[in-house]
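Student: Structure below; questions to follow.
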Amino acid sequence: MKMPLKWKWTSALVAAALVIAAALAASQRGAQVQVVPVLRSEIVQSVVATGRLNAQARIDVAAEVTATVLEVPVREGDAVRAGQLLVRLQDAEARAALAQARAALAEAKARVLQQSAVTAPVATQASVQAQAALLLAQREFQRTQDLVGQGFFSQQKLDDARRVLDVARSAAESARVQVQANQGGGVEPVLAAVRVEQAQAAVDAASARLARLAIVSPVDAVVLSRTAEPGSMAQPGRTLLALAAQGSLRIDAAVDEKHLRLLVSGMPARAVADAFPNQPFDARLSTIAPAVDPQRGTVEVRLAIDKPPPFLKPDMTVSVELIGGAHKDALVLPSVAVRDADREVPWVLAVQEGRAVKLPVRLGLRGVGSVEVLEGLKAGDEVIPQTEKALPGDRVRGKPVVPREKGMEVPGFVK
């Protein structure tokens, strides 16, 4: 039996009315959005960074001259003492030069002794003899002059006596100058002393050249790497060994510049080495770089480790959490629920009487994935995270975020 046409139209109109009514009811209830509640819980403000362990001093050992490597008595991992031989270079020529310089020094010192023990006394005796010869020549000249005046000798005899006197005077003056030159403060002692100084300087220079061929450790250290082998050629600037000075280790890390305002020298930290994830240890912030790296947008920091565990080694990768503060009973929201968090007036999109309402908030501590709300919200308020498509004034229906299985939370949300 066929349905009358009038009834068909009536049924269609009823169905359309029901659909319209359902749509109007849905629009009045609003769109369904996920919400997160404001909870009271503990919050820890921290800054997380990845860094690397370093020794307080890292030393690259290189040669100062070009020479063949003769001996490398240490290997990676060896502990060495200050002054211990690390690398010996070819030094035969340098040793010969040092021996030659020492021989020249010995000769110069012997000449000083010769000048004081032999030359000076000889010059004094020669002066005494010259003075005696001068006195004799003066008397002989006077006697000859008298006899010539009396007519006993000819003028030639007087001329010969005068010549002898002149020679005696010259010899006496020469002897006097020799004595003066060999006395203390005279030319000869000064020259002898200068020769000794020159020879000593030559010995020092030869010793320094030889010392550069025996490379020793400047401090107590551990050998990190070795790139030199006997027979290889050492050149200035080429690293032969890398050392880590013994002592406490430090952590060098890079922190995003947006966290710079949270960093305070001396703030405590917890660190964990990637190789030993179940053995965290304490550290503290010791140094903050005075400038930001413009390429990476990070600031370099150093952390001191007062009691380093024995398993730590230089160049290990570590994760660091710098702890800036903690509140045990705080109003806490997931970070993803706060908008313009780094601007002057942060705000949230809260659900009030079925509508999305824009509310300004004042923030406190900032933890990993969460923030503290000081003003603007109360416990139990529901907030729409930024991941939801909702605008201020929209009608909404809140749906609490459901944590993932096995205790895993939705990123940025709380359970």
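Student: Counting only C-alpha contacts under 8 Å and six or more residues apart, can you give the relative contact order of the chain as a whole percent?
Tutor: Worked out over the chain, it gives 29 percent.
Student: For region 93-211, take the alpha-carbon Rg, divide it by the Kirkwood Rh, and send me Rg/Rh.
Tutor: Using only Cα positions, Rg/Rh for region 93-211 is 1.38.
Student: Just name one of 183, 153, 131: the one whose Cα is farthest towards the positive end of the charge dipole of region 93-211 (beta-carbon charges, Lys/Arg +1, Asp/Glu -1).
Tutor: The residue sitting farthest along the positive end of the dipole is 183.
Student: Still on this structure, please answer the following. Give the long-range amide H neighbours of residue 316: residues separated by 5 or more places, or on another chain, with amide H under 5 Å away, using H modelled in the peptide plane at 1.01 Å from N.
Tutor: 53
Student: Given Cβ point charges of +1 (Lys, Arg) and -1 (Asp, Glu) and nothing else, what value in debye, to the nearest 20, does the dipole of the chain about its Cα centre take?
Tutor: The dipole magnitude comes to about 1760 debye.
Student: Okay, next question. Against the globular-protein guess of 2.2 N^0.38 Å, express the Cα radius of gyration of region 261-415 as a ratio, rounded to two decimals.
Tutor: Cα Rg divided by the expected 2.2 N^0.38 Å: 1.32.
Student: Here's another thing I want to ask about it. When Lys and Arg each count +1 and Asp and Glu each count -1, what net charge do the other residues less than 11 Å away from residue 43, Cβ to Cβ, add up to?
Tutor: Around residue 43, the surrounding residues sum to 0.
Student: Report, in degrees rounded to the nearest 10, the 0 to 90 angle that the Cα long axis of helix 92-114 makes with the longest principal axis of the chain.
Tutor: 40
Student: Spelling out what I want: for every residue of region 267-273, take phi, set θ = phi - 60°, compute 6.51 cos²θ - 1.76 cosθ + 1.60 (Karplus), and round to whole Hz; glycine and proline get x.
Tutor: Along region 267-273, the couplings run 5, x, 8, 10, 10, 9, 7 Hz.
Student: Hey, which aspartates and glutamates would be in cross-link range of residue 399, C-alpha to C-alpha under 18 Å, not counting anything within fewer than 8 residues on its own chain?
Tutor: Leaving aside aspartates and glutamates fewer than 8 places away in the same chain, those within reach of residue 399 are 353, 381, 382, 388, 409.
Student: Could you tell me the distance between the Cα centroids of region 146-162 and region 174-220, to the nearest Å?
Tutor: 57
Student: Only Cα pairs under 8 Å and at least 6 apart count here; give the relative contact order of region 93-211 as a rounded whole percent.
Tutor: 48
Student: What residue among 36, 120, 68 has its Cα farthest toward the positive end of the dipole of the chain, where the charges are +1 on Lys, Arg and -1 on Asp, Glu, each on the Cβ?
Tutor: Farthest towards the positive end: 36.
Student: Now for a different question. The chain: D in µm²/s via Stokes-Einstein (Kirkwood Rh, Cα pairs, 37 °C, 0.692 mPa s)?
Tutor: Answer, rounded: 101 µm²/s.
Student: With θ set to phi - 60° and the Karplus curve 6.51 cos²θ - 1.76 cosθ + 1.60, what are the ³J(HN,Hα) couplings of region 346-352 in order, to the nearest whole Hz, using x for Gly and Pro?
Tutor: x, 8, 10, 10, 9, 9, 9
Student: Here are some pairs, 358/389; 258/378; 328/358; which of them have Cα atoms lying more than 19 Å apart in this structure?
Tutor: Too far apart for the 19 Å limit: 258/378; 328/358.
Student: Once you put a point 7 Å from the Cα of residue 191 and another 7 Å from the Cα of residue 102, both along the Cβ direction, what distance in nm separates them?
Tutor: Roughly 2.9 nm, to one decimal.
Student: Where the only charges are on Cβ atoms (+1 Lys, Arg; -1 Asp, Glu), what is the dipole of region 93-211 about its Cα centre, to the nearest 20 debye?
Tutor: Rounded to the nearest 20 debye, it is 160 debye.
Student: Could you put 141, 276, 311 in order, starting from the residue whose Cβ has the fewest other Cβ atoms within 10 Å?
Tutor: Ordered from fewest to most neighbouring Cβ atoms within 10 Å, 141, 276, 311 come out as 311, 276, 141.
Student: If you fit an axis through the alpha-carbon atoms of helix 187-211 and take the longest principal axis of the Cα set of the chain, what angle between them do you get, 0 to 90°, nearest 10?
Tutor: Long axis of 187-211 versus the principal axis of the chain: about 30 degrees.
Student: For region 236-272 and region 316-377, compute the distance between their C-alpha centroids and round to whole Å.
Tutor: Between the Cα centres of region 236-272 and region 316-377 lies a distance of 30 Å.
Student: Would you grab the residues whose amide H sits under 5 Å from the one on residue 57? Only those 5+ places off in sequence or on another chain, please, with H modelled 1.01 Å from N.
Tutor: HN-HN under 5 Å from residue 57: 245.
Only the coordinates and a few stated rules stand behind these numbers; no lab work does. Here the structure is a predicted model, which means the values were calculated and not measured. Every residue, glycine as well, gets a Cβ built from its backbone with ideal geometry; the counts of neighbours run over all protein chains shown.
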